[in-house]
Every structure is written in structure tokens, then in C-alpha cells.
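Undergrad: Here it is: the structure, laid out below.
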Amino acid sequence: MPFDHRTQPLSPYAARVLATLMEKARTVPDSYPLTVNSLQSGCNQKTSRTPVMQLSEGEIQAALDELRQRHLVMEASGQRATRWEHNFERVVGVPSQASAILGLLMLRGPQTAGELRINTERWHRFADIGSVEAFLEELRDRSEDKGGPLVVLLPRAPGAREARWAHLLCGEVDVSALAAASESSAPSSADSATAQRLAALEAEVAALRTTVQQLCTALGVEGPVNAEVQPQD
């Protein structure tokens, strides 16, 4: 069945597997196409991945089966071990520059045009931010006969200088969920200051307890070693 992200969006696991193949084809061409084992290592990297995943070999294989049904991946011919390669640009109908942007959005989540220009350095060297924005706008304004938009410009988050872009290959973006995730992963400066103050107080109390215990031992009296300091609001 032809690829249509509007009626059959990719699953998150399939998007991770596909984007990992797209990345490795550009960054480590000598190791490409990839075995399932290599693909699993790439999908589960703890760097350059948002979110970090822990996909099993079975989940990798299920994602490959999903992608193969959509003609987005295929087994490489002439290989002794089973290896996989992507077919993204031909099936989706985008140039290599747009493919780099979409692959990076699938791997790292929403990003600004400036972040995309920096992060795609090993995939494709864009001349400037304007070049990235031009491809993003082209992907956003994609006509319906070509499959419709592949990216969306998200509302600018409070305090952010620039708006971020997100891909639509996994379906419509839940803006409220993204905002909540961003807030939960980025504590405010006030929360950070409070945490630092509490840590300092706890260290000070521990030092005082040690001093008091030493004095009690020297005087031959029982010390408050088991006393608990009650937290205050």
C-alpha cells in the first residue's frame, strides 16, 4: 500500500527505526545497510535521541515489517546477513535536504530552524538558517495531491525566542502534550533555587548532627543520633 501519513501515520517505533536508517546511511555509510543488531543499537542510543528508547529485537523487527509494508524499507540484496536500507526519499517524494530535516525531527523531536541547521551538519550542510526555513516552509505548504503537509510550526512556547517545528509522519501533533512534557522536563529557576537551598540545608544539618554526636561522646552522654528533623513548609 502506498505511503500516506494522513490515513496511516507511522508508529513511534517505526519512525525511530526509519530515522535511524536515514541517519546511518549518511553518517556511517561504510556500515550501511544495517543488521537488526546494529539498528537496535542505533535506535537505543542515549545521545541525539528524543525520547530515549529501549527497543527490543522483536520490536525492531515489528517496526521493520510495518515499514516494509509501506515500502519505506527493504532488505538489501547481495548480503550474507540480513541487512536493511530505507527508501524514504523515493516513496515520500522529497529531496535529500528535506529528508535530512524530517529524519532529524523524527530522531530528536521538535526543533527550531537554527537547531536543525546545527544538528543536520553531518547529514547535509545548509548554507544558512534561511535555507532550512525555505525547505521547512516547502514541507509545510505541500499540496494535497503530493500528500499534504509533512511538518507544522508549533506555537511559540512562553519564554522561548523562536518557535519550533515538528514532523507529521506520526500524525497530528498534540501541542498541549508537548508543552506539558517540556514544562515537566525543564524545571523553573525558582524550583532549581529551592532544590539547591534544601540540599545546602540538609548538608548543614548533617554536619551539625555529626558535631553534636562528637560532643556527646566526649561528655559521655547519649547523643540524638536517631533524632529526625521535621521539614518545614
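The values are calculated or read from the model by the stated rules, or taken from the named source; none is laboratory data. Here the structure is a predicted model, which means the values were calculated and not measured. Note: ideal-geometry Cβ built from the backbone for every residue, glycine included; neighbour counts use all protein chains shown.
Undergrad: For the stretch 117-146, how many residues meet the condition of being in contact with a helix residue (DSSP H, G or I) (Cβ under 7 Å, 6 or more places away or on another chain) and part of a loop (DSSP other than H, G, I, E, B)?
TA: Total meeting the criteria: 5.
Undergrad: Within the stretch 106-143, how many residues turn out to be polar (S, T, N, Q) and within 24 Å of residue 6 (Cα to Cα)?
TA: The qualifying residues number 3.
Undergrad: Right, something else. Within the stretch 1-20, work out how many residues are among the aliphatic types (A, V, I, L, M) and exposed (fewer than 15 other Cβ atoms within 10 Å of the Cβ).
TA: Counting residues in the stretch 1-20 that are among the aliphatic types (A, V, I, L, M) and exposed (fewer than 15 other Cβ atoms within 10 Å of the Cβ) gives 1.
Undergrad: Has the stretch 41-56 got at least one residue that is in contact with a Ser or Thr (Cβ under 8 Å, 6 or more places away or on another chain), free of Cβ contacts under 8 Å to residues at least 60 places away in the same chain and buried (at least 20 other Cβ atoms within 10 Å of the Cβ)?
TA: Looking for residues that are in contact with a Ser or Thr (Cβ under 8 Å, 6 or more places away or on another chain), free of Cβ contacts under 8 Å to residues at least 60 places away in the same chain and buried (at least 20 other Cβ atoms within 10 Å of the Cβ), one finds at least one in the stretch 41-56, hence yes.
Yes or no, residue by residue, for (1) in contact (Cβ under 8 Å) with a residue 40 or more places away in the chain; (2) farther than 16 Å from residue 97 by Cβ; (3) not small (Gly, Ala, Ser):
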{"position": "110", "(1), (2), (3)": "yes, yes, yes"}
{"position": "128", "(1), (2), (3)": "no, no, yes"}
{"position": "132", "(1), (2), (3)": "no, no, yes"}
{"position": "155", "(1), (2), (3)": "no, yes, yes"}
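Undergrad: May I pose another question? Testing residue 192 on (1) modelled with pLDDT of 90 or more; (2) part of a helix (DSSP H, G or I); (3) not acidic (Asp, Glu), one condition comes back false. Which one is that?
TA: Unmet condition: (1).
Undergrad: Taking the stretch 21-35 as the region of interest, how many residues are surrounded by fewer than 18 Cβ atoms within 10 Å (Cβ to Cβ) and either within 16 Å of residue 65 (Cβ to Cβ) or without any contact (Cβ under 8 Å) to a residue 60 or more places away in the chain (or both)?
TA: 5
Undergrad: With the structure loaded, tell me whether residue 59 is touching a residue at least 12 places away in the same chain (Cβ under 8 Å), of a type outside the set (A, V, I, L, M), farther than 24 Å from residue 95 by Cα and surrounded by 13 or more Cβ atoms within 10 Å (Cβ to Cβ) or whether it fails that test.
TA: It is true that residue 59 is touching a residue at least 12 places away in the same chain (Cβ under 8 Å), of a type outside the set (A, V, I, L, M), farther than 24 Å from residue 95 by Cα and surrounded by 13 or more Cβ atoms within 10 Å (Cβ to Cβ).
Undergrad: Whether any residue in the stretch 104-114 is part of a helix (DSSP H, G or I), of a type outside the set (A, V, I, L, M) and closer than 29 Å to residue 55 by Cα is what I want to check.
TA: yes
Undergrad: Give the number of residues within the stretch 52-110 that are farther than 16 Å from residue 8 by Cβ and aromatic (Phe, Trp, Tyr).
TA: Qualifying residue count, the stretch 52-110: 1.
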